Amino acid sequence: MAIDLENPSNFITTRVRQAVNWGRKYSLWPLPFGVACCAIEFMSTVSSYNDISRFGAELVRFSPRQSDLMIIAGTISYKQAPILKTIYAQMAEPKWVIAMGACASSGGFYNNYSTLQGADRVIPVDMYVAGCPPTPENLLYALTQLQERVEKEGLVPAAERHAGRSEARG
Ligand code: SF4
């Protein structure tokens with residue numbers, strides 16, 4: 001009897017999907033978009049003391065093509081916004097984004113002519129981390145929350161996950 005691999009209720013494909021999602025959850029490769037002081041806390045998060053490798057996310061990559069988790073750490077100016085968009089577009093699917101800190105989430109206290117009022121004005125954001133700056137524990141908590149979503153959502157591309165939401169708030 002032929003097995004219908006397209007059928008989501010198929011026992012075998014369901015188990016394979018669960019295994020893939022479990023593996024993906026513990027092998028996120030972060031790309032730091034570090035543009036201001038929050039990046040210092042990111043460095044602390046990946047250091048031995050806070051040890052992000054406990055969560056399988058220690059393989060920091062500076063090539064977007066080798067990354068599936070962008071961590072935006074810092075204030076984004078309007079001039080940097082197109083760069084952020086380009087780097088995001090170059091990342092491998094499925095991909096996720098954490099906005100680390102008040103500036104990346106909402107512009108923070110830089111409500112002025114030069115500052116983007118949150119990364120989600122130009123790219124979809126999956127997780128926001130409060131704080132100025134957030135502590136490494138804040139960021140690690142966000143990572144574990146994101147991991148739960150990764151396990152549930154699996155290989156769904158970012159554009160599909162964010163369908164129905166407005167990509168840019170402004
Ligand atoms: S949230 Fe605070 S610590 Fe982070 S980049 Fe903005 S001003 Fe700096």
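The values are calculated or read from the model by the stated rules, or taken from the named source; none is laboratory data. Because the structure is predicted, anything quoted here is derived from the model rather than measured. When we count neighbours, we look across all protein chains shown, and the Cβ atoms used for this are built from the backbone with ideal geometry, even at glycine.
Observations, loosely collected:
- Looking at region 63-170, the helices (runs of 4 or more DSSP H) lying wholly inside it that each contain 3 or more residues that are farther than 20 Å from residue 42 by Cβ sit at 81-90, 136-153, 158-161.
- Any hit, region 108-127, residues being touching a strand residue (DSSP E or B) at 6+ places or on another chain (Cβ under 7 Å), under 20 Å from residue 52 (Cβ atoms) and within 13 Å of the ligand (Cβ to nearest atom): no
- Restricting the first member to region 144-160 and to residues that are in contact (Cβ under 8 Å) with a residue 40 or more places away in the chain, and the second to residues that are loosely packed, with under 14 Cβ neighbours inside 10 Å and β-branched (Val, Ile, Thr), the beta-carbon pairs closer than 9 Å and six or more apart or on different chains are 154/20; 155/20.
- Single residue of 44, 48 found to be hydroxyl-bearing (Ser, Thr, Tyr), surrounded by fewer than 17 Cβ atoms within 10 Å (Cβ to Cβ), under 23 Å from residue 138 (Cα atoms) and within 16 Å of the ligand (Cβ to nearest atom): 44
- When residues of region 22-40 are limited to those that are more than 8 Å from the ligand (Cβ to nearest atom) and touching a strand residue (DSSP E or B) at 6+ places or on another chain (Cβ under 6 Å), the one farthest from residue 103 (Cα to Cα): 28
- Residue 132 vs. criteria surrounded by fewer than 19 Cβ atoms within 10 Å (Cβ to Cβ), modelled with pLDDT of 95 or more, within 14 Å of the ligand (Cβ to nearest atom) and among the hydrophobic types (A, V, I, L, M, F, W, C): yes
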